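> My structure is below; once you've seen it, I'll send some questions.
The values are calculated or read from the model by the stated rules, or taken from the named source; none is laboratory data. Since we're looking at a predicted model, the values are computed, not measured. Because the Cβ atoms are built from the backbone with ideal geometry, glycine has one as well, and the counts that use them run over all protein chains shown.
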């Protein structure tokens, strides 16, 4: 039996253990290189790509850090080090159109013992716009790593001492999207905890409005406006917009020398899962700490579920419905030519949701950079043509040259990418609904490539309502009942929504009178009739908590149904007994009468639950309306009608 039991145990162990081992296998990219003196030719060993059915051919894109502050996006870069020393080379690989996870890599030490040739010019050295730039190696995917590159150079003709800020994790999102796990500097930059930043928000009232009112939305996105502000205001707005900041200082910056800082971020599992949402990081560069002149750059990124260069994003992923009437929503469609040759014409057929006003359409930016095509003229130069249709806008890049990612002699993958960024306002009458749209991308005469859906969604918001009215109890005698209270519900919901109320009602009513006749026999006199009439007057303070689901049929009529729990916070009852004495056994001749009263009070009594049915007419979504409600209690016949007025804010 023991051998059989052992065989069974081993079989079960390997049966259940095998899948677990398979799931833990990590795809790896191994850094390899050939070295001749100070010249190093890097070459990675990569895992196989896993194609996605129906998608373009998968490919890798690269970000190499040479360890001396330079970097390259080439697949197999060549680099010549300037100085002797030991350098740590790093590689971040992004898998495009691939069903697997990005390959993990380990840093590699490169030892330079001799300088054999002068440095080459193959290393990326950018013409920095405003001497400052932010880049990324890929768009963020939840629970994956990404690298952000901050590049800067001293714009003065003398040495300066500068400062850098990188803000991340926007306050508009409930959860933090990024965790900074490492940063690498190569020009003596040092991390500081700046007290000046902590008090930067304490600016004077003339500037504080920039970070508080609705105009701040435009300021946050417009880096030109931020560049024009004083440094204290820029930092105060950033403090309001972002949870976290990394601050670096650097001394003795030589003029016109580019430096790069590499930040590694881990995206959190709680990252906003909307694959069309746009998240932002913000960099602030102070070239000279002795002055307040500075440069600001925003790095916008679309959250994705896979690395697809053809995608569509929107800044309207989660908006406050109260403040969007005059807001411009930005959309961005990005594309990449994955062909073996250049594209001369690219057409983007983009869906436009009905809630947007196409008359407010505006092109914000584009690449390849070109002018707008003239009307009624066939252009012979590069231009962007826009055609507005009923449900779509067509963007057509004409007479351009966009190289293919698999084209010979194309080393820089970014040169094969392009985008169109545009904005629109909402229509005058639009509802609080979620929309989605996508783009069909057509390179020359090839089949369309469909992007993901870009969504616009609204946060629920909070609407507080004031409610007052009259309760009608058909089964109570001489009842008068008034109430007031408050409601809470999502702001200006379109169709279905939940509503919770807290109501206080004050009710007076009389109970049914009871009559008790008694014959009093007396030997000395004739029999007498004693009639006792008992009545009670009730005063109650009642607390009602209705929870209902409502449905707005249109802007003026809404219906609802739900459950209600109520109970008496206090109940006072006054009993009045009238004793009438008649001379004989018939109530003909009243001999005497007297009245006795008693009172009692109780608290937290008469707990009841029931169903309710509701109808409102008026401003159904926001504003004043009139309503009627019928409440059916479960335990006893205590049904009543409620007539009320309500104003939602």
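> Take the conditions surrounded by 19 or more Cβ atoms within 10 Å (Cβ to Cβ) and assigned by TED's automatic domain parsing to the domain that holds residue 386 and apply them to residue 285. Does it pass?
Answer is no for this residue.
> Also: Among the residues of the range 540-561, are any part of a strand (DSSP E or B), more than 42 Å from the chain's Cα centre (by Cα) and surrounded by fewer than 18 Cβ atoms within 10 Å (Cβ to Cβ)? Give the derivation first.
Of the range 540-561, the ones part of a strand (DSSP E or B) are 540-552, 557-561.
Next cut, more than 42 Å from the chain's Cα centre (by Cα) only: 540-541.
So of that shortlist, the ones also surrounded by fewer than 18 Cβ atoms within 10 Å (Cβ to Cβ) come out as 541.
Yes, the range 540-561 contains a residue that is part of a strand (DSSP E or B), more than 42 Å from the chain's Cα centre (by Cα) and surrounded by fewer than 18 Cβ atoms within 10 Å (Cβ to Cβ).
> With the condition being at pLDDT 90 or above and over 21 Å from residue 265 (Cβ atoms), I'd like the strands (runs of 3 or more DSSP E) fully within the range 28-142 carrying at least 1 qualifying residues.
Output list reads 30-36, 39-45, 78-80, 85-96, 108-112.
> Still on this structure, please answer the following. Look at the range 444-495 and say how many of its residues are more than 21 Å from the chain's Cα centre (by Cα), within 21 Å of residue 545 (Cβ to Cβ) and part of a strand (DSSP E or B).
Residues flagged as more than 21 Å from the chain's Cα centre (by Cα), within 21 Å of residue 545 (Cβ to Cβ) and part of a strand (DSSP E or B) within the range 444-495 amount to 17.
So that you can scan it fast, the table gives a plain yes or no per residue for (1) exposed (fewer than 15 other Cβ atoms within 10 Å of the Cβ); (2) modelled with pLDDT of 90 or more:
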{"residue": "318", "(1), (2)": "no, no"}
{"residue": "330", "(1), (2)": "no, yes"}
{"residue": "341", "(1), (2)": "yes, no"}
{"residue": "368", "(1), (2)": "no, yes"}
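> Out of (1) farther than 18 Å from residue 394 by Cα; (2) surrounded by 14 or more Cβ atoms within 10 Å (Cβ to Cβ), what's the single condition that is false for residue 436?
Answer for residue 436: the failing condition is (1).
> Taking the range 504-518 only, how many residues are more than 16 Å from residue 606 (Cα to Cα) and in contact with a strand residue (DSSP E or B) (Cβ under 6 Å, 6 or more places away or on another chain)?
Residues in the range 504-518 being more than 16 Å from residue 606 (Cα to Cα) and in contact with a strand residue (DSSP E or B) (Cβ under 6 Å, 6 or more places away or on another chain): 7 in total.
> Of (1) exposed (fewer than 14 other Cβ atoms within 10 Å of the Cβ); (2) part of a strand (DSSP E or B), residue 635 satisfies all except one. Which?
Result: residue 635 fails condition (2) only.
> Tell me whether the range 418-429 contains one or more residues that are in contact with a helix residue (DSSP H, G or I) (Cβ under 8 Å, 6 or more places away or on another chain), surrounded by 14 or more Cβ atoms within 10 Å (Cβ to Cβ) and in a loop (DSSP other than H, G, I, E, B).
For the range 418-429, residues in contact with a helix residue (DSSP H, G or I) (Cβ under 8 Å, 6 or more places away or on another chain), surrounded by 14 or more Cβ atoms within 10 Å (Cβ to Cβ) and in a loop (DSSP other than H, G, I, E, B): absent.
> Could I ask something else about it? Give the range 355-394 a look and list any residue that's part of a strand (DSSP E or B) and either more than 28 Å from the chain's Cα centre (by Cα) or not assigned by TED's automatic domain parsing to the domain that holds residue 329 (or both), or say none.
The answer is 372, 383, 384, 385, 386, 387, 388, 394.
> Checking the conditions here, which among 582, 630 is surrounded by 13 or more Cβ atoms within 10 Å (Cβ to Cβ) and within 50 Å of the chain's Cα centre (by Cα)?
Testing whether each residue is surrounded by 13 or more Cβ atoms within 10 Å (Cβ to Cβ) and within 50 Å of the chain's Cα centre (by Cα) leaves just 630.
> Would you confirm whether or not the range 512-534 contains a residue that is farther than 30 Å from residue 588 by Cα, without any contact (Cβ under 8 Å) to a residue 40 or more places away in the chain and assigned to a strand (DSSP E or B)? Steps first, please.
As a first pass, look at the range 512-534 and keep what is farther than 30 Å from residue 588 by Cα: none.
There is no residue in the range 512-534 that is farther than 30 Å from residue 588 by Cα, without any contact (Cβ under 8 Å) to a residue 40 or more places away in the chain and assigned to a strand (DSSP E or B).
> Only one of 594, 608 is in a strand (DSSP E or B) and either touching a helix residue (DSSP H, G or I) at 6+ places or on another chain (Cβ under 7 Å) or surrounded by 14 or more Cβ atoms within 10 Å (Cβ to Cβ) (or both). Can you tell me which?
Values: 594 fails: either touching a helix residue (DSSP H, G or I) at 6+ places or on another chain (Cβ under 7 Å) or surrounded by 14 or more Cβ atoms within 10 Å (Cβ to Cβ) (or both).
Result: 608 is the single residue among 594, 608 that is in a strand (DSSP E or B) and either touching a helix residue (DSSP H, G or I) at 6+ places or on another chain (Cβ under 7 Å) or surrounded by 14 or more Cβ atoms within 10 Å (Cβ to Cβ) (or both).
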